[in-house]
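Enquirer: Can you read through this structure? Questions will come right after.
The values are calculated or read from the model by the stated rules, or taken from the named source; none is laboratory data. Keep in mind that this is a model prediction, so the values were computed, not measured. With ideal geometry, Cβ positions are generated from the backbone for all residues, glycine too; neighbour counts draw on all protein chains shown.
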Amino acid sequence: MRNLFVCLLLLATIYAKTEAAVLVKDKRWPAASQLNVVFIDGNPKLWQLVETVAPEWVENSSLSFRFFRGWHTAPQQTHIRVSFQSHNGSVLGNHHDFTSKQPTLVLSLLPQLLGDDAAARRLILHEFGHALGFEHEFLSPVWPYGRGSLQAVIEQCVKQMKALQPDSKQALQDCQRLNQPLAKDKVLHTVFDEFSIMNYPLTIQLGQGRTKRIKASSKLSFLDRYAISRWYGKANH
Ligand SMILES: [Zn+2]
């Protein structure tokens with residue numbers, strides 16, 4: 001089966017009102033990997049922004065990114081293939097398909113976000129988090145707010161999925177599958193981190209009129225930085 005894009009993050013989600021580190025073990029890249037990132041389309045302004053922001057993820061880890069502007073400059077094996085067309089999302093982590101020409105990470109909103117530094121940074125850092133194997137914080141085995149708190153996430157997902165999957169029953173099933181909590185033995189995780197870049201902005205009803213608001217972050221949290229160093233090894237470059 002084709003690798004399913006894990007994140008369908010539209011503008012509404014970025015500005016909406018949702019927010020640990022959860023790394024899926026079998027999607028982890030080998031330590032000390034140099035990940036070749038190729039831009040399939042786009043323009044120098046977009047490329048430069050991604051080249052500036054995305055490396056924040058790996059600066060304190062054994063991983064590194066090497067960027068290539070277009071296929072003509074790229075080596076035969078590429079690990080993250082970036083497009084700025086269609087939707088927004090990323091294949092999760094190591095997909096083992098290094099010779100395909102298909103995108104693995106799509107940032108179609110980025111052209112509209114030029115000039116909105118926080119939103120642009122959020123989109124790039126969130127999707128590159130997926131590309132490094134990190135899942136949404138609300139899928140953590142230690143998510144503290146229960147499954148009922150994710151109804152809004154599923155509904156939003158279905159709306160966006162319909163653009164890719166016209167069969168609405170299938171869209172709902174895909175969204176329920178994408179938003180299944182992860183089993184403890186399949187992931188490495190920290191405590192729940194409401195400041196992680198891998199959260200969605202969410203307003204959660206806690207009962208008795210109380211709510212918990214998780215905000216949309218535009219920077220890596222302390223635990224995001226801890227997790228990448230801890231699980232991929234510290235920088236040796
Ligand atoms: Zn996502």
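Enquirer: May I ask you to say which residue of 153, 158, 142 is of a type outside the set (D, E, K, R) and within 12 Å of the ligand (Cβ to nearest atom)? Give the steps one after another, and end with the answer.
Expert: Values: 158 fails: within 12 Å of the ligand (Cβ to nearest atom); 142 fails: within 12 Å of the ligand (Cβ to nearest atom).
Selected residue: 153, the only one of 153, 158, 142 that is of a type outside the set (D, E, K, R) and within 12 Å of the ligand (Cβ to nearest atom).
Enquirer: Which residue out of 148, 129 is of a type outside the set (Phe, Trp, Tyr) and surrounded by 15 or more Cβ atoms within 10 Å (Cβ to Cβ)? Before the answer, list the steps.
Expert: Numbers: 148 fails: surrounded by 15 or more Cβ atoms within 10 Å (Cβ to Cβ).
Result of the check over 148, 129: 129.
Enquirer: Where residues in the stretch 172-187 are in contact with a Leu (Cβ under 8 Å, 6 or more places away or on another chain) and in a helix (DSSP H, G or I), which of them is modelled with the lowest pLDDT? Before the answer, list the steps.
Expert: Residues of the stretch 172-187 that are in contact with a Leu (Cβ under 8 Å, 6 or more places away or on another chain), as a first pass: 174, 178-182, 187.
Applying the additional criterion that residues be in a helix (DSSP H, G or I) yields 174, 178.
On the way: 174: 87, 178: 83.
Per the criteria, the residue is 178.
Enquirer: Could you identify the single residue in 85, 48 that is in a loop (DSSP other than H, G, I, E, B) and polar (S, T, N, Q)? Quick ask: steps written out before the conclusion?
Expert: On the way: 48 fails: in a loop (DSSP other than H, G, I, E, B).
None of the other options fit; the residue is 85.
Enquirer: Here is a list: 138, 68, 128. Which entry is modelled with pLDDT under 95 and outside any loop (DSSP other than H, G, I, E, B)?
Expert: Testing whether each residue is modelled with pLDDT under 95 and outside any loop (DSSP other than H, G, I, E, B) leaves just 138.
Enquirer: Please go through the stretch 215-237 and pick out each residue that is under 17 Å from the mean Cα position of the chain (by Cα) and of a type in the set (A, V, I, L, M).
Expert: Hits for the stretch 215-237 are 216, 220, 223, 227, 228.
Enquirer: Do we have residue 61 as away from the ligand (no atom under 15 Å from the Cβ), closer than 21 Å to residue 161 by Cα and in contact with a Ser or Thr (Cβ under 8 Å, 6 or more places away or on another chain) here? Walk me through how you get there before you give the answer.
Expert: On the way: away from the ligand (no atom under 15 Å from the Cβ): yes; closer than 21 Å to residue 161 by Cα: no; in contact with a Ser or Thr (Cβ under 8 Å, 6 or more places away or on another chain): yes.
No, not satisfied.
Residue by residue, here is whether (1) surrounded by fewer than 20 Cβ atoms within 10 Å (Cβ to Cβ); (2) farther than 16 Å from residue 105 by Cβ; (3) among the small types (Gly, Ala, Ser) holds:
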| residue | (1), (2), (3) |
| --- | --- |
| 22 | no, yes, no |
| 27 | no, no, no |
| 47 | yes, no, no |
| 53 | yes, no, no |
| 61 | no, yes, yes |
| 67 | yes, no, no |
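Enquirer: Please work out if residue 119 is surrounded by 16 or more Cβ atoms within 10 Å (Cβ to Cβ) and either within 16 Å of the ligand (Cβ to nearest atom) or under 14 Å from the mean Cα position of the chain (by Cα) (or both). So that I can check it myself, show each step before the final result.
Expert: Working: surrounded by 16 or more Cβ atoms within 10 Å (Cβ to Cβ): yes; either within 16 Å of the ligand (Cβ to nearest atom) or under 14 Å from the mean Cα position of the chain (by Cα) (or both): yes.
For residue 119, the condition - surrounded by 16 or more Cβ atoms within 10 Å (Cβ to Cβ) and either within 16 Å of the ligand (Cβ to nearest atom) or under 14 Å from the mean Cα position of the chain (by Cα) (or both) - is met.
Enquirer: Moving on to the next point. Kindly establish whether residue 38 is modelled with pLDDT of 95 or more, buried (at least 21 other Cβ atoms within 10 Å of the Cβ), under 17 Å from residue 124 (Cβ atoms) and out of contact with any Ser or Thr (no Cβ under 7 Å at 6 or more places or on another chain). Spell out the reasoning first.
Expert: Values: modelled with pLDDT of 95 or more: yes; buried (at least 21 other Cβ atoms within 10 Å of the Cβ): yes; under 17 Å from residue 124 (Cβ atoms): yes; out of contact with any Ser or Thr (no Cβ under 7 Å at 6 or more places or on another chain): no.
Spelling it out, it is not the case that residue 38 is modelled with pLDDT of 95 or more, buried (at least 21 other Cβ atoms within 10 Å of the Cβ), under 17 Å from residue 124 (Cβ atoms) and out of contact with any Ser or Thr (no Cβ under 7 Å at 6 or more places or on another chain).
Enquirer: In addition: Only one of these is outside any loop (DSSP other than H, G, I, E, B), modelled with pLDDT of 95 or more, closer than 26 Å to residue 192 by Cα and within 16 Å of the ligand (Cβ to nearest atom): 54, 12. Name it. Walk me through how you get there before you give the answer.
Expert: Details: 12 fails: modelled with pLDDT of 95 or more.
On inspection, the qualifying residue turns out to be 54.
Enquirer: In addition: Among the residues of the stretch 143-163, write down those that are more than 19 Å from the chain's Cα centre (by Cα) and more than 19 Å from residue 87 (Cβ to Cβ).
Expert: 144, 145, 146, 147, 148, 149, 151
Enquirer: Right, something else. Within the stretch 188-216, which residues are more than 16 Å from the ligand (Cβ to nearest atom), under 16 Å from residue 149 (Cα atoms) and aliphatic (A, V, I, L, M)?
Expert: 204, 206
Enquirer: Identify all residues within the stretch 91-112 that are in a helix (DSSP H, G or I) and in contact with a strand residue (DSSP E or B) (Cβ under 9 Å, 6 or more places away or on another chain); write none if there are none. Spell out how you get there, then give the answer.
Expert: Start the filter on the stretch 91-112 by keeping residues that are in a helix (DSSP H, G or I), which leaves 110-112.
Of everything in the stretch 91-112, just one residue is in a helix (DSSP H, G or I) and in contact with a strand residue (DSSP E or B) (Cβ under 9 Å, 6 or more places away or on another chain), namely 110.
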